[in-house]
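Structure, as structure tokens:
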Amino acid sequence: MKIYDGGKIFIGIVIFLSVATSPFLFNMGKATARPDPKLDTPEIQKMEKKQCVEPKEFMKAEHMTLLNDWRDSVVREGNKVYIGLGGEVYNMSLQGTCMKCHSNKKKFCDECHKYVAVKPYCWDCHIPPKEN
Amino acid sequence: MSMNRRKFLKLTAVTTIATAGGISALELFRDSKLEAQEILPLEVKPLTAKRWAMVVDIRKFKKEDDYKKIIDACHRAHNVPDIGNPKDEIKWIWTDTFEHAFPGQEHKYMPENLKQIPFLLLCNHCDNPPCVRVCPTKATFKRNDGIVMMDMHRCIGCRFCMAACPFGARSFNWRDPRPFIKELNTKFPTRTKGVVEKCNFCEERLAGGLMPACVEESKRGLIFGDLEDPNSDVRKVLSSHYTIRRKSELGTGPGVYYII
């Protein structure tokens, strides 16, 4: 069997395969480190009972929904007070409440967001805490 | 189970009464819970009203500096950038001449000083705000207390509201405002490129129990209060002085009054 222009086709296939697989080849063996968000801010260490507004598992999975609910409640309904399950009272504020404890945005927010390649636009307007 | 007509009607009546009673009891419970929320140990008591309004007493403003202090206080509190060219200008509160503020009311023979002095202008927080009507995303909306407010999360930057507002109270962020803010107020957000912004009657300060920044800075030149409360400061001033509003003939019902 004769393949017309066989040489050209094979060269083409080799070039295509090397380009198509290059992202995988380049990154082989260089697994991205698992995100490791930190909770070691001075404000959190001062707390007697280390407790967020909701349980940790809920916050891990649903913090984006909670933040959206807070946003709608504060901006559109004018209600700025959040009551936790145990009756704790919180001021619903990203800049004022969340970031007061989690003052390490780089190691707390960005760590996971970078890993999963999401780009929330919170910080286009809200001012992140000062970090060194 | 067999049931005759009489029994059925009796049962229906009893069920209706029981349900109604249950619901009203529930509502009572809900009301008391609401009350409990309000008296929870919050740090501050928010200022509330049925209809917020402002009176600008032009007689209290003598020098250019009197205005500048107020404008600076507002713009500092809300991270309003100073971009430095009129095309990109962002303003929440500003000044203009009588002729421009109250078009059609001026005439050749009016007092010379009125022709000269600047008038303090801001969003009028109208009763019937055209900006709210045209907003396609409901980013601009009117709160129950009369404040015409913006939800920056929803603004898509279409600028219909700017075209609709007859007072020029709205500014568009043509560029990222952050580099143009001299000192950041970290208690308030900035805006981003591509959204419209305007005065919010210091909604965030009212919620914190404070009067608006401009009112605080003006030393009685600006009077702020509840239009629906006959004993409020604004009502007292309005009932004892002749006041005018900007372009009231348009029917938007401006909430900012001027004593000339």
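Any read-out appearing in this document is the output of simple, stated calculations on the displayed coordinates, not a laboratory observation. All values reported here derive from a predicted model rather than from experimental measurement. Glycine also receives a Cβ, built like all others from the backbone with ideal geometry; neighbour counts cover every protein chain displayed.
Label separation (B:Arg5 vs A:His113): 7.1 nm, computed from points 7 Å beyond Cα along the C-beta direction. When A:Asp36, B:Asp151 are arranged by Cβ crowding within 10 Å, least crowded first, meaning fewest neighbours, the order is A:Asp36, B:Asp151. Scaled against the 2.2 N^0.38 Å expected of a compact globular protein of N residues, the Cα radius of gyration of segment B:175-237 reads 1.44. Rg/Rh, computed from the Cα trace of chain B with Rh as the Kirkwood radius, has the value 1.14. Note on segment B:106-146 and segment A:26-46: Cα centroid distance 51 Å, given to the nearest whole angstrom.
By the count of neighbouring beta-carbon atoms within 10 Å, fewest first, B:Trp92, B:Trp174, B:Trp52 end up ordered B:Trp174, B:Trp92, B:Trp52. Kirkwood hydrodynamic radius computed over segment A:56-123 comes to 13.1 Å, based on all pairs of distinct alpha carbons. For chain A, the longest principal axis of the C-alpha atoms and the axis of helix A:56-77 are separated by about 70°.
Start at zero, step by 10 Å, and the Cα-Cα distances of the protein assembly as shown spread as 4, 17, 23, 19, 14, 10, 7, 4, 2, 1, 0 percent across the bins. Computed from the C-beta positions of B:Asn185 and A:Lys8, the FRET efficiency with R₀ = 56 Å rounds to 0.25. Put in order of Cβ neighbour count within 10 Å, fewest first, the listed residues B:Ser248, B:Ser239 become B:Ser239, B:Ser248. Treating r as the C-beta distance of B:Trp174 and B:Ser248 and R0 as 25 Å, the FRET efficiency rounds to 0.20.
Our estimate of slack between B:Met110 and B:Ser240, defined as 0.36 nm per intervening residue step minus the Cα-Cα distance, is 44.5 nm. In summary, the lysines within cross-link reach of B:Lys50, defined as a Cα separation below 20 angstrom excluding same-chain residues under 8 places away, comprise A:Lys80, B:Lys142, B:Lys236.
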